[in-house]
């Protein structure tokens, strides 16, 4: 605790006195974690999912990388053996949820309105709308964005990042943060690699440098290439 | 990219201290921000000034200390600052590979956003 003290000095012919402002200045020392609220909600979501024996995967990547196509492809292969639901995050529209719903699994569209990422609170609300006791597996498709979603844990078990060759050769080196906590990374649209002049092996190499633990799979979702490998990389078989 | 929402949480947290200091004014807010967070310090400071309109916070200064991330290799035990791989692109690439033994390393810290100190001026009773 400290107190401001008065001082005086001579200015020209008269003495100007600066008196102590009768105020107290004090410090409050604390460790207030600003991100705690989201993290606690994420833990809450995680326990709720675990109580129901559900495995959950957060799917992240840029707009147009193929997140929805990959989830649809995975669901088509797993729906016979797993009870699956999909939470679709987007700024607006139900386009993605409708695409997934065509696979005949329950979907919930979460529209963030303006926000560039999903957060644990939105997922908590979405989970309240799903019959958790009747599920084994939930995919959460995050808003298309390679920056913000990495900052907000949702409470999922694993993170799958989807990038595509059509995004150019520098996706990984420009956005390394997205890959720090990725369990699996799909390099999608490899059928277009030659046309794009992008070397998928170089992308894979970049990912392995940033995060050597991440499992990297080459995919072409439209032709169902690499889908089983993604499923395997997530430990779902 | 979400500095405004972060600043909003910061302001809400600080306002919890207002009732205990009814005539007080916040002079300084000290924040510790991990370098791994995708947070622009300049945007965070700007957002804070925009949102800190309440009498309790108006005019207060946000002072930010950035903390580095460390890595620890579970295999060879090497501890060091989060490394940047040397590459052929002429730009830097952070890496979670151990520079000594090439094993995957674990990240430690660098992901926090914590208010460490609030300096308040209060009229003497």
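The numbers here are math on the coordinates, done by the rules we state, and not lab data. Predicted, not measured: the structure shown is a model, and the values here were computed from it. Using ideal geometry, Cβ is built from the backbone for each residue, glycine included, and neighbour counts are taken over all protein chains shown.
With each pseudo-label sitting 7 Å past Cα toward Cβ, what's the residue B:101-residue B:79 distance in nm, one decimal?
Using points 7 Å along Cα→Cβ, the separation is 1.6 nm.
Taking the Cβ-Cβ separation of residue A:147 and residue B:23 as r and a Förster radius of 30 Å, what is the calculated FRET efficiency to the nearest 0.05? Show your work: numbers first, answer last.
Values: r = 42 Å, r/R0 = 1.39.
The computed FRET efficiency comes out at 0.10.
Just counting partner chain Cβ atoms within 10 Å, what average do the residues of peptide A:206-212 show around their Cβ? Let's see the in-between values first.
Numbers: counts 5, 0, 4, 7, 6, 6, 8.
Mean partner shielding for this stretch: 5.
If each DSSP helix of 4+ residues adds -39,500 (n - 2.57) and the sum is divided by the residues in the protein assembly as shown, what number results at 222 nm, nearest 500 deg cm²/dmol? Walk me through the numbers on the way to the answer.
On the way: 11 runs with 97 residues, N = 362.
That calculation yields -7500 deg cm²/dmol at 222 nm.
Relative contact order for segment A:37-233 using alpha-carbon pairs under 8 Å, separation at least 6, rounded to a whole percent?
Details: 404 pairs, mean separation 51.8, N = 197.
Relative CO of segment A:37-233 lands at 26 percent.
Calculated FRET efficiency, residue B:32 and residue A:223, Cβ-Cβ r, R0 35 Å, to nearest 0.05? Walk me through the numbers on the way to the answer.
Values: r = 49 Å, r/R0 = 1.40.
About 0.10, to the nearest 0.05.
Which FRET efficiency, nearest 0.05, do residue A:128 and residue B:43 yield, Cβ-Cβ r, R0 25 Å? Mind dumping the intermediate values first?
Working: r = 33 Å, r/R0 = 1.34.
Once rounded, the FRET efficiency stands at 0.15.
Enter the mean number of other protein chain beta carbons within 10 Å of the beta carbon of each residue in A:32-41, as an integer. The partial results should precede the final answer.
On the way: counts 12, 6, 13, 8, 4, 3, 1, 0, 0, 0.
Across the residues of A:32-41, the mean count of other-chain Cβ atoms within 10 Å is 5.
For A:172-181, what's the mean count of beta carbons from other chains sitting within 10 Å of each residue's beta carbon?
Numbers: counts 1, 7, 2, 1, 7, 4, 1, 2, 8, 3.
Shielding by partners across A:172-181 averages 4.
Pick from A:205, A:98, A:23: which is most flexible by mean-square fluctuation in a GNM of chain A where alpha carbon atoms under 10 Å apart are linked?
Result: A:23 has the largest fluctuation of those listed.
Measure nothing fancy, just the Cα-based angle from helix B:3-15's long axis to the longest principal axis of chain B, in degrees from 0 to 90, nearest 10.
Helix B:3-15 sits roughly 50 degrees off the main axis of chain B.
Who wins for biggest fluctuation among A:198, A:59, A:143 in a Gaussian network model of chain A, springs between alpha carbons below 10 Å?
Fluctuation is largest for A:198.
With an 8 Å Cα cut-off and a minimum separation of 6 or more residues, compute the relative contact order for segment A:122-198 in percent. Present the calculation step by step, with values, prior to reporting the outcome.
Working: 58 pairs, mean separation 24.2, N = 77.
Value for segment A:122-198: 31 percent.
Angle between the Cα long axis of helix B:41-51 and the longest principal axis of chain B, 0 to 90 degrees, nearest 10?
In chain B, helix B:41-51 runs at an angle near 20 degrees to the longest axis.
Counting other C-beta atoms within 10 Å, which of A:60, A:224 has the fewest, and how do the rest follow?
A:224, A:60
Expressed as a rounded percentage, what relative contact order does chain B have, with Cα pairs under 8 Å and six or more residues apart?
Numbers: 221 pairs, mean separation 42.1, N = 125.
Relative contact order for chain B comes out at 34 percent.
Most mobile of B:28, B:112, B:42 per a Gaussian network model of chain B (Cα springs, under 10 Å)?
Sorting by GNM fluctuation, first place goes to B:42.
Quick one: if you stick a label point 7 Å off each Cα along the C-beta vector at residue A:232 and residue B:70, how many nm between them?
Going from the residue A:232 label point to the residue B:70 one covers 3.9 nm.
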